[in-house]
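A.B. asks: Got a structure here, written out as structure tokens. Questions coming.
Where a number appears in this text, it was derived from the coordinates with a stated rule and is not lab data. Keep in mind the model is a prediction, meaning the values are calculated, not measured. Note that each Cβ is placed from the backbone with ideal geometry, even for glycine, and that neighbours are counted across all protein chains shown.
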Ligand code: 5AD
Ligand code: SF4
């Protein structure tokens, strides 16, 4: 029986795609291998968002070449595939820099894997490349998704039409498309029947969702959330990643009306400076962002917010950076991801004047992260002595320990029987640090 190994780089959408690729391979008779050297087929699912992420793919591919040679010396054949956003952006580079790669497909064409794998047998020694933006939707060709445990992802939307001037996503994942409501509900019900208690609805711009219902009528994310909320057995719903300007009144009302919707929202602002936001081609100002946060908080005072930030965008001055720090203090984010601006070929910002020196970017990132970490620590410390429902889905490093997520996406460690895995347990929080909480079950 042939074995596969998939290594996933990047975002949650890639994690979801890798699960779907695994399901395709299993219909072809493959089983999972614990590591690359034990696999007949190794697939890298890649990320192109920042230069570092893309370069990591190429350096890790170098290691795969050695594995391929070592296996060949033992008389074992190894097929190497690269999928995802690096392929869409750099297909020729892959064939040039890593000619031992047998096939490369973009994020929208991996449903063609069965045909591609059949073709490889006939044309070894060349890299088969499929980076077309297909007319068909890959979702119509994928085998049914299965529950991977207590929390599952469901892709509901893909691609982006926003064209923020720093971002490769509209070029790698293509224009925005939404899956039909009924297809999503079928997948969601199947995952809940398979044991998922929490569903995380995914999309690059998830709140611009506008899929068709059974009658062909376009529906928004709020409608979809309401329908998903009706699924018996489902306990928690999340959605990510949202675009501030597309947060509408219906969605805000969901945070008031739907108890299964978790009180945590990832809503990237990127910068607190209006001139930087304008240069980034974001369709919101800092003031509009704060207004949306205020309306969401009024709908559900329990809501905690997380964000993405970019420091050192071309033209960013000290005053612009200060405006970002101000906005962070005003919102009091409970978690955040922050990055130094990375120049991506083909995006408008790569050619903008006023590129910021690496040294300055580094300093700003450090200052911002210190502030963000202090807010995160403050929020986590406030959790001590509180009792909260935690969905435990992974084993901890210590014996008998499970790790789960609080409603606010905090990692929570607790010593529990193995049978508590993939269940929700009420935990009294005893201790907190920046990255996690620990506690004991509440009788
Ligand atoms: N440089 C740095 N960060 C970037 N992001 C997207 N493109 C870039 C870039 N060129 C960040 C944004 C986005 C997150 C997924 O990655 O903050 O929200
Ligand atoms: Fe990239 Fe902007 Fe689209 Fe997010 S909204 S995927 S940052 S272009």
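A.B. asks: Modelled label-to-label distance, residue 92 and residue 367, 7 Å Cα→beta-carbon offset: nm?
C.D. replies: Going by the 7 Å Cα→Cβ label model, 4.2 nm.
A.B. asks: Just to verify a number: FRET efficiency for residue 136 and residue 443, C-beta to C-beta distance, R0 = 45 Å, to 0.05?
C.D. replies: Calculated transfer efficiency: 0.25.
A.B. asks: Take each of the peptides 33-40, 406-413, average the number of other beta-carbon atoms within 10 Å over its residues, and list them starting from the highest.
C.D. replies: The densest-packed peptide leads the list: 406-413, 33-40.
A.B. asks: OK, next. Need one word for the stretch 141-381: rounded, prolate or oblate. Basis is the Cα gyration tensor (sqrt eigenvalues a ≥ b ≥ c); a/c below 1.5 gives rounded, then a/b vs b/c decides.
C.D. replies: prolate
A.B. asks: Also, I was wondering about something else. Given 0.36 nm per residue, what is the gain on full extension from residue 250 to residue 226 after removing their alpha carbon distance, in nm? Kindly include the intermediate steps, with their values, before the conclusion.
C.D. replies: Numbers: separation 24, 0.36 × 24 = 8.64 nm, distance 1.04 nm.
Gain on extension, residue 250 to residue 226, equals 7.6 nm.
A.B. asks: Can you give the FRET efficiency for residue 35 and residue 297, using 1/(1 + (r/R0)^6), R0 = 60 Å, r = Cβ-Cβ distance, to the nearest 0.05?
C.D. replies: 0.85
A.B. asks: Any chance you could run the full-extension gain for residue 384 through residue 27? It's 0.36 nm times the residue separation minus the Cα-Cα distance, nm to one decimal.
C.D. replies: Stretched fully, the residue 384-residue 27 segment lengthens by 123.8 nm.
A.B. asks: Would you mind calculating the relative contact order of the chain from Cα pairs under 8 angstrom and at least 6 residues apart, reporting the percent as a whole number? Walk me through the numbers on the way to the answer.
C.D. replies: Values: 877 pairs, mean separation 44.0, N = 443.
Rounded, it is 10 percent for the chain.
A.B. asks: Per 10 Å bin, what percent of the C-alpha pairs of the chain does each bin hold, from zero upward?
C.D. replies: P(r) for the chain, in whole percents per bin: 4, 19, 28, 28, 17, 3, 0.
A.B. asks: For the chain, with a Gaussian network of springs between Cα atoms less than 10 Å apart, report the residue from 182, 212, 136 with the top mean-square fluctuation.
C.D. replies: Comparing 182, 212, 136 in a Gaussian network model of the chain, the most mobile one is 136.
A.B. asks: So, R0 is 60 Å and r is the distance between the beta-carbons of residue 357 and residue 189; what FRET efficiency does that work out to, to 0.05?
C.D. replies: Details: r = 53 Å, r/R0 = 0.88.
Once the sixth-power term is evaluated, E becomes 0.70.
A.B. asks: What is the extension gain from residue 124 to residue 337, computed as 0.36 nm multiplied by their sequence separation minus the C-alpha to C-alpha distance, in nm to one decimal? Can you show the working numbers first?
C.D. replies: Details: separation 213, 0.36 × 213 = 76.68 nm, distance 4.17 nm.
This chain segment gains 72.5 nm when fully extended.
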